[in-house]
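Here the structure is laid out as structure tokens; the discussion comes afterwards.
The values are calculated or read from the model by the stated rules, or taken from the named source; none is laboratory data. Predicted model only: the values in this text are computed from it and were never measured. Here the Cβ positions follow ideal geometry from the backbone for every residue, glycine too, while neighbour counts run over all protein chains shown.
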Amino acid sequence: MNGQFEEPLQSDLDLIDGYELLRRAICQRDQPAWTAAMTRYRVVVIAAIRRHPAWVINTESEDYWVNRAFERFWCAVTPDRLCLFPSLGPLLRYLQMCTHSVVIDEMRSRRRNQHELLSETTNGLPHNKGAEDAMVARLSASELWNAVASELHDEPERLVASLSLLRGMKPAQVQALHPEHFVDAADVYRVKRNVLERLRRNSAVRRFRD
């Protein structure tokens with residue numbers, strides 16, 4: 001020992017081939033191998049997301065999609081199913097399929113929540129039958145989000161809009177995720193109510209009442 005710190009050696013996980021890395025992660029439930037696989041193949045997920053048509057209206061971080069895609073992959077490719085993927089290529093193609101699946105699921109969820117949001121923001125306003133469907137048809141997802149974002153004044157309001165209005169999370173769930181911004185679920189309700197009141201007066205929403 002010379003009393004000096006030595007440079008750490010390159011991890012063995014960085015040296016093994018991709019299929020073996022994923023095999024260890026899947027069959028042995030090896031957490032270091034799983035972490036290394038996510039680091040190595042996050043580029044596969046990101047490339048798949050950017051090719052998806054929904055990317056143009058994406059409001060989430062790359063890490064959000066990487067985590068969602070690998071969670072789907074992890075649940076689907078169990079040790080007893082690894083034999084269906086004899087090499088690295090099929091595994092990575094399946095990872096791409098998982099990526100597209102989570103994007104599609106997210107977009108469906110957002111469309112559903114857009115209907116609910118428009119229903120809430122036009123509650124009490126006169127409108128024709130089927131007006132909510134007309135709003136969604138005429139307001140694209142990005143236009144709707146722009147209309148919402150223009151009425152948000154601070155970080156708590158942005159969190160409520162993103163988590164509660166867009167993703168459909170309950171106030172208690174929002175508060176549990178962000179106790180630094182919300183004292184309790186009632187605090188989330190209060191912020192949500194204020195945002196909805198402003199949205200009811202927003203011209204981008206009100207123009208669809210007739």
TODO: Output the helices (runs of 4 or more DSSP H) that fall wholly within the range 99-208 and possess 1 or more residues being among the acidic types (D, E) and at pLDDT below 80, or say none.
DONE: 131-138, 141-149
Task: Residue pairs meeting the criteria (Cβ under 6 Å; at least 6 apart or on separate chains; first closer than 14 Å to A37 by Cα, in the range 60-73; second buried (at least 20 other Cβ atoms within 10 Å of the Cβ)) - done: V66/V45; A69/V45; A69/C98; A69/T99; A69/V102; F73/L95; F73/C98
Open item on the list: Which count do you get for residues in the range 20-66 that are over 15 Å from C98 (Cβ atoms), surrounded by 17 or more Cβ atoms within 10 Å (Cβ to Cβ) and modelled with pLDDT of 90 or more?
Closed with: 5
Task: Residues of the range 158-181 satisfying the condition of being out of contact with any Lys or Arg (no Cβ under 9 Å at 6 or more places or on another chain) and surrounded by 18 or more Cβ atoms within 10 Å (Cβ to Cβ) - done: L159, S162, L163, M169, Q175, H181
